[in-house]
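Asker: Before anything else, here's the structure in question.
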Amino acid sequence: MKGDLVLSKAHLSYWLRQLRKEADLIAPLRSMAGDIVFSSVENIHDIVADCPANLPSPKEFLFPQMDEMYRFSPKGVERPAKNQKRVIFGIRSCDMSAVGLMDTFYGGRYEDDFYVERRKNTFFISIACNRPDPSCFCIGLGTGPFLKEGFDIQLTDLGDRYMVQVGSTKGRQIIKGFDHIFRRPKKADYDDQYEANLSCQSKFEKRITLENVRQKILAGEVPDSFWEGVASRCFQCGGCVYQCPVCTCFNVVDWKETAEKGVRMRTWDACMFKGFTKMAGNVWPAEKVATRTKRWYSHKLLHWPEQSGKFGCVGCGRCGVTCPGKIDMATVATRLEKKD
């Protein structure tokens, strides 16, 4: 099947059940604590499809917080397989855009085998946002709330049905054989999709264009004293880095399980931490908090655009929810836009 399609919500659970037979199905579920998190699905009806955009990022399924790279013993070195097939259902447009940036970083000029193997075996079914959170600002970056490209399958909630857009070869694979539950869209479906798009765009509380900020930094209009002021509010908790769906910092450690056996692990790290770039000889290239803070923003606002043509931020707003010091991307960008 090619082109746009329509799926009745009454058929969604059947479709997901069939996909689960071939792959691990991961979707937003409500935890015992009441939070909504991405997890493997046992009961299809537990999926929370109409949920807030500010979920924990599904980045961990491609770039795990703790990733076993190798096991070593007197018998040799073993590399765990990373080829489990997975369908991730219900991620938002901003997170799908973040996956595209991660693909550029880990699958570009220098391929990361661990990431690439997982990515090849992961299918995404994203849901365009009808209801942005107050902290969201993807609309100013073109990373949401509806995507024109960069997705496998994109669903738009039209009430009793979904508009289904197929955006990749992978997307065509996961609708293959299900002609009986999909139909061709009618004019009314496109009209409802258009209205849903307009309605969502009108609900954004934050409208930020990072290009203006980027140009101010490039022009030398942002003094170091500004970053020192921002850094003075930093708790060095790393929340902005850990919650960001685009951040890629990691460390590699070897853990001994016995005198002869052990495991090499890759773990998330944070460039906002003093010890992240510690060098031999007890040298600290980024000892000052202001230096590290400036570097984080420079990486997202300057270096990412230089390397990929896109900002290292997708406007998900998670850093705004997480940061206790209120020096998140949206807040700092707004201050810089107003700065004369």
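The values are calculated or read from the model by the stated rules, or taken from the named source; none is laboratory data. Worth saying up front: this structure is predicted, and the values here are computed from it rather than measured. FYI the Cβ positions are ideal-geometry reconstructions off the backbone, even for glycines, and counts take in every protein chain you see.
Asker: List every residue pair whose Cβ atoms lie under 8 Å apart, where the two residues are 6 or more positions apart in sequence or sit on different chains, the first residue falls within region 177-196 and is modelled with pLDDT under 95, and the second residue, located anywhere, is not in a loop (DSSP other than H, G, I, E, B) and not acidic (D, E).
Answerer: From region 177-196, no pairs qualify.
Asker: Every residue in region 306-320 that is farther than 18 Å from C249 by Cβ and either crowded, with 16+ Cβ neighbours inside 10 Å or touching a strand residue (DSSP E or B) at 6+ places or on another chain (Cβ under 9 Å) (or both), please.
Answerer: Correct list: K310, G315, G317, G320.
Asker: Another one. Applying the selection to region 62-95, what residues are surrounded by 14 or more Cβ atoms within 10 Å (Cβ to Cβ) and closer than 12 Å to D113 by Cα?
Answerer: Listed by number, the residues that qualify are L62, F63, M69, K82.
Asker: How many residues, within region 154-179, are within 20 Å of D191 (Cα to Cα) and either touching a helix residue (DSSP H, G or I) at 6+ places or on another chain (Cβ under 7 Å) or assigned to a strand (DSSP E or B) (or both)?
Answerer: Final tally of qualifying residues: 12.
Asker: Which residues, counting only those in region 68-116, are over 27 Å from C316 (Cβ atoms) and β-branched (V, I, T)?
Answerer: V77
Asker: Could you say which residue among A23, A27 is at pLDDT 90 or above, crowded, with 16+ Cβ neighbours inside 10 Å and closer than 22 Å to R131 by Cβ?
Answerer: Result of the check over A23, A27: A27.
Asker: Just to check your reading of the model, which residue among I175, I125 is crowded, with 16+ Cβ neighbours inside 10 Å and out of contact with any Asp or Glu (no Cβ under 9 Å at 6 or more places or on another chain)?
Answerer: Exactly one residue qualifies, and that residue is I175.
Asker: For region 243-294: of the residues being in a loop (DSSP other than H, G, I, E, B) and of a type in the set (D, E), which is farthest from F226 (Cα to Cα)?
Answerer: Filtering region 243-294 for residues that are in a loop (DSSP other than H, G, I, E, B) and of a type in the set (D, E), the one farthest from F226 (Cα to Cα) comes out as E260.
Asker: Could you pull out the residue among V213, V164 that is closer than 29 Å to D328 by Cα, among the β-branched types (V, I, T) and either in contact (Cβ under 8 Å) with a residue 40 or more places away in the chain or out of contact with any Lys or Arg (no Cβ under 6 Å at 6 or more places or on another chain) (or both)?
Answerer: Exactly one residue qualifies, and that residue is V213.
Asker: Then there's this: So is N130 part of a loop (DSSP other than H, G, I, E, B) and touching a residue at least 40 places away in the same chain (Cβ under 8 Å) or not?
Answerer: So N130 fits the description; yes.
Asker: So, in region 9-35, how many residues would count as being part of a strand (DSSP E or B), without any contact (Cβ under 8 Å) to a residue 40 or more places away in the chain and closer than 24 Å to M163 by Cα?
Answerer: Counting residues in region 9-35 that are part of a strand (DSSP E or B), without any contact (Cβ under 8 Å) to a residue 40 or more places away in the chain and closer than 24 Å to M163 by Cα gives 1.
Asker: Could you please let me know if R109 is assigned to a strand (DSSP E or B), modelled with pLDDT under 95 and basic (K, R)?
Answerer: It is false that R109 is assigned to a strand (DSSP E or B), modelled with pLDDT under 95 and basic (K, R).
Residues checked against (1) touching a Lys or Arg at 6+ places or on another chain (Cβ under 7 Å); (2) at pLDDT below 95; (3) in the same structural domain as C129 (by TED's automatic domain parsing); (4) farther than 27 Å from F204 by Cα:
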residue	(1), (2), (3), (4)
L218	no, no, no, yes
V230	no, no, no, no
D254	yes, yes, no, yes
M279	no, yes, no, yes
A286	yes, yes, no, yes
V289	no, yes, no, yes
K310	no, no, no, no
V314	no, no, no, no
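Asker: Follow-up question, since we're still on this one. Can you tell me which residue in region 232-291 is farthest from L55 (Cα to Cα), limited to those that are charged (D, E, K, R) and crowded, with 18+ Cβ neighbours inside 10 Å?
Answerer: R266
Asker: Of the conditions (1) modelled with pLDDT of 95 or more; (2) buried (at least 20 other Cβ atoms within 10 Å of the Cβ); (3) among the small types (G, A, S); (4) over 21 Å from T267 (Cα atoms), A98 fails just one. Which one is it?
Answerer: (4)
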